[in-house]
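Accompanying notes for the structure given below.
The values are calculated or read from the model by the stated rules, or taken from the named source; none is laboratory data. Here the structure is a predicted model, which is why all the values come from computation and not from measurement. Methodologically, a virtual Cβ is constructed for each residue, glycine included, from the backbone with ideal geometry; neighbour enumeration extends over all protein chains shown. Side chains included, ligands, DNA and RNA excluded: accessible areas come from the protein's heavy atoms. Shrake-Rupley method; radii C 1.70, N 1.55, O 1.52, S 1.80 Å.
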Amino acid sequence: ETGVTQTPRHLVMGMTNKKSLKCEQHLGHNAMYWYKQSAKKPLELMFVYNFKEQTENNSVPSRFSPECPNSSHLFLHLHTLQPEDSALYLCASSQGPSGTYNEQFFGPGTRLTVL
Amino acid sequence: AQSVSQHNHHVILSEAASLELGCNYSYGGTVNLFWYVQYPGQHLQLLLKYFSGDPLVKGIKGFEAEFIKSKFSFNLRKPSVQWSDTAEYFCAVTSTTDSWGKLQFGAGTQVVVTP
């Protein structure tokens, strides 16, 4: 256990559905991240939040919409996804976003399948 | 463009053999370097990290890595592997001047240790 939890662990959805992924960290960290892990590709950073403020949107399509209501919770809202969006979505947190504070702790991920 | 390259996608070796995984990066300026491991069915875990100081870094489970600045490399080593080291290994890099802590990952190396 890293202190970062994600729900659900598995999700199957149709292209017209709307769903949300949830991440919660119990480490007292200030920065939270969403990554996408696809087969045979490097982890792709999607979003960064620091003190609840989104500081990075790595050219992610608008069908992915993040929300960070407080520094312990992070959501990823999904709508009208495509089959190529099927992947493992990882949440991470760190004490801060930069320098020696940037040791990131990862959750177990949500395995998303888009039909 | 910034990039992280891991030399091998798959490595198969026997127990007690030595392991070395290559990682090269292309970044301007100073960097923080990480190796993460993902055991089957588990979340990403930090093996070791380099921020500054001694370029030979020791991590958990007998792993070590050497930062060679002139070669832009951060290779991971273990003198004698065990079956339990079967996992996927990821090198990651962030620039110390990146205030938002964007970690760039390599594509990963799948390591299989046979009994």
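For the reader, a short list of remarks on this structure follows.
- The range A:1-63 and the range B:54-70: distance between their alpha carbon centers, rounded to Å: 29 Å
- Cα-based radius of gyration for chain A, normalised by 2.2 N^0.38 Å, reads 1.00.
- Peptide A:33-41 has a mean shielding of 2, counted as Cβ atoms of other protein chains within 10 Å of each residue's Cβ.
- At R0 = 35 Å, FRET efficiency that the Cβ-Cβ distance of residue A:5 and residue A:80 yields, to 0.05: 0.85
- Neighbouring Cβ atoms from other chains, within 10 Å of the Cβ of residues in B:87-97, number 2 on average.
- Probing with 1.4 Å while keeping every protein chain in the model, the per residue accessible area of chain B equals 46 Å².
- When exposed loop sites are taken as trypsin sites (Lys or Arg not before Pro) in a DSSP loop with at most 12 other Cβ atoms within 10 Å, the longest stretch of chain A clear of them is A:41-115.
- Remark: the protein assembly as shown is approximated by an ellipsoid whose semi-axes, taken from the C-alpha gyration tensor as √(5λ), come to 29, 21, 16 Å, largest first.
- Using only Cα coordinates, the Kirkwood hydrodynamic radius of the range B:3-108 works out to 14.0 Å.
- Within straight-line cross-link reach of residue B:71, lysines at Cα separation under 23 Å, skipping those fewer than 8 residues along the same chain: B:49, B:58, B:102
- Remark: mean inter-chain Cβ contacts per residue of A:106-114 equal 2, using a 10 Å Cβ-Cβ cutoff to other protein chain atoms.
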